[in-house]
Amino acid sequence: MTTRPPRIWISNATPAVGEIVRLRTQIAHPMESGFRIDAAGRPIPRHIVTRFEARLDDRLLLEWEPQSAISQNPYLEFTFAARQPGTLRMTWIDDLGETITAEKDITLA
Amino acid sequence: MTSSRESRWRPSRRQILMTGPALALAPLPAFAQVTTTARPQPDAAEADRIAAEFAAGALPLPEGLVLDLPVLGDNPGAVPVRVYLDRPVTPDYWCAEMIVIAELNPRPLACRLRFTQDTGSADLAVRLRLIRSMHVRALARMNDGRVLTVRRPITVTAGGCGM
């Protein structure tokens, strides 16, 4: 789908125990709404991200289900409490089944 | 002497003159011809239905949830929206699920979010595309089954970029 890697910003990759960590993420994706018609009058098929999840190792932190009202190149900002170290794994899945992943290591200060 | 010099530059002058009509006949960029079947909802009825389905019988309480929106959405293709709880999450007070509704969009449900007790927080920011000025609404279901809601208006400049 795209070769541009996700843009990930983390407020603190070495947080204190219980500290609220903020993530800002953005991927490159057309988020084609399915409402548009091309120059030849044919509908352009819907192509949007339908699912995102964030896990710290095996702990599920967050599931996000965007719809057509979410902007192109979807931006998502979320927070979680750092209770254990681990690898934060983020996965985006679109309605063609394509996935984009990103990882950040979290170590407790 | 003079005639041979003229014959050397005359063809290029003709080429220059020909570029005018050639440019006029060039097709318009493709994006100018793309249209959309997206139409705004006539009222908030569909938004109310989505909210009622989410609340599942609970009475949504207009408290506890904060919705940050700009005063003016100068780019309706990317309107920054943030939703969060107005007090910290604890093991006894946490949010299980949240939805954001763009009331008059063709499909009003903008996104759904599920948290777990492990998240330890409930704070979301996304960018919406809005087809016109409208109210944006958010609902949150807490761990004890209570449903919180907040609703705010937003004015956008022009409609539905990319929709």
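Only a single criterion out of (1) under 23 Å from B:Val81 (Cα atoms); (2) hydrophobic (A, V, I, L, M, F, W, C); (3) facing chain B (nearest Cβ under 9 Å) is not satisfied by A:Ile44, namely (1). Taking region B:136-163 as the range and being surrounded by 16 or more Cβ atoms within 10 Å (Cβ to Cβ) and closer than 30 Å to A:Pro45 by Cβ as the test, the residues that pass are B:Val136, B:Arg137, B:Ala138, B:Ile154, B:Val156, B:Gly159, B:Gly160, B:Cys161, B:Gly162, B:Met163. Note on region A:76-99: residues that are of a type outside the set (A, V, I, L, M, F, W, C), under 26 Å from A:Gly34 (Cβ atoms) and within 7 Å of another protein chain (Cβ to nearest Cβ) total 1. Return the residue satisfying two criteria in turn: it lies in region A:1-23 and is of a type in the set (Gly, Ala, Ser) and either without any contact (Cβ under 8 Å) to a residue 24 or more places away in the chain or touching an Asp or Glu at 6+ places or on another chain (Cβ under 9 Å) (or both), and of such residues it is nearest to the other protein chains (Cβ to nearest Cβ). Here the answer is A:Ser11.
From the list B:Arg132, B:Arg137, B:Arg151, the one residue that fits, being touching a Ser or Thr at 6+ places or on another chain (Cβ under 8 Å) and over 21 Å from A:Arg51 (Cβ atoms), is B:Arg137.
Which of (1) among the polar types (S, T, N, Q); (2) open to solvent by 50 Å² or more (accessible area, probe 1.4 Å); (3) within 10 Å of chain A (Cβ to nearest Cβ) does B:Thr116 not meet, given it meets every other one? Unmet condition: (2). Within region A:57-76, restricting attention to residues that are out of contact with any His (no Cβ under 8 Å at 6 or more places or on another chain) and not in a strand (DSSP E or B), which residue is modelled with the lowest pLDDT? The selected residue is A:Asp58. In region B:70-82, the residues that are more than 15 Å from A:Pro74 (Cα to Cα) reach residues that are open to solvent by 40 Å² or more (accessible area, probe 1.4 Å) and not aromatic (Phe, Trp, Tyr) with C-beta atoms within less than 8 angstrom, at least six apart or across chains, in these pairs: B:Pro70/B:Pro80; B:Val71/B:Thr155; B:Leu72/B:Thr155; B:Leu72/B:Thr157; B:Gly73/B:Thr155; B:Gly73/B:Thr157; B:Asp74/B:Thr157.
Matching residues to (1) at pLDDT 95 or above; (2) surrounded by fewer than 14 Cβ atoms within 10 Å (Cβ to Cβ); (3) facing another protein chain (nearest Cβ under 10 Å); (4) assigned to a loop (DSSP other than H, G, I, E, B):
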{"position": "B:Glu46", "(1), (2), (3), (4)": "yes, no, no, no"}
{"position": "B:Arg49", "(1), (2), (3), (4)": "yes, yes, no, no"}
{"position": "B:Leu59", "(1), (2), (3), (4)": "yes, yes, no, yes"}
{"position": "B:Val100", "(1), (2), (3), (4)": "yes, no, yes, no"}
{"position": "B:Arg112", "(1), (2), (3), (4)": "yes, no, yes, no"}
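Which condition from (1) more than 9 Å from chain B (Cβ to nearest Cβ); (2) in contact (Cβ under 8 Å) with a residue 60 or more places away in the chain is the one that A:Asp57 breaks? All conditions pass for A:Asp57, except number (2). Scanning region A:24-41 for residues that are within 10 Å of chain B (Cβ to nearest Cβ) and either open to solvent by less than 10 Å² (accessible area, probe 1.4 Å) or outside any strand (DSSP E or B) (or both) yields a count of 9. Between A:Thr14, A:Thr79, the distinction of being of a type in the set (Ser, Thr, Tyr) and assigned to a strand (DSSP E or B) belongs to A:Thr79 only. A residue that is more than 23 Å from B:Asp68 (Cα to Cα), open to solvent by 10 Å² or more (accessible area, probe 1.4 Å) and either facing another protein chain (nearest Cβ under 9 Å) or touching a Ser or Thr at 6+ places or on another chain (Cβ under 7 Å) (or both) occurs nowhere in region A:61-75.
Here A:Ala39 fulfils each of the conditions (1) without any contact (Cβ under 8 Å) to a residue 24 or more places away in the chain; (2) over 18 Å from the mean Cα position of the chain (by Cα); (3) under 23 Å from A:Ala69 (Cβ atoms) apart from (3). Selection of region B:76-98 for residues being more than 10 Å from chain A (Cβ to nearest Cβ) and acidic (Asp, Glu) yields B:Asp86, B:Asp92.
Considering region B:119-135, the residues that are part of a strand (DSSP E or B) and more than 8 Å from every other protein chain (Cβ to nearest Cβ) include one that is most open to solvent (accessible area, probe 1.4 Å), namely B:His135.
The values are calculated or read from the model by the stated rules, or taken from the named source; none is laboratory data. Because the structure is a prediction, the values reported are computed rather than measured. Positions of Cβ are backbone-derived with ideal geometry, glycine not excepted, and every protein chain shown enters the neighbour counts. For accessibility, only protein heavy atoms count, side chains too; no ligands or nucleic acids. Shrake-Rupley method; radii C 1.70, N 1.55, O 1.52, S 1.80 Å.
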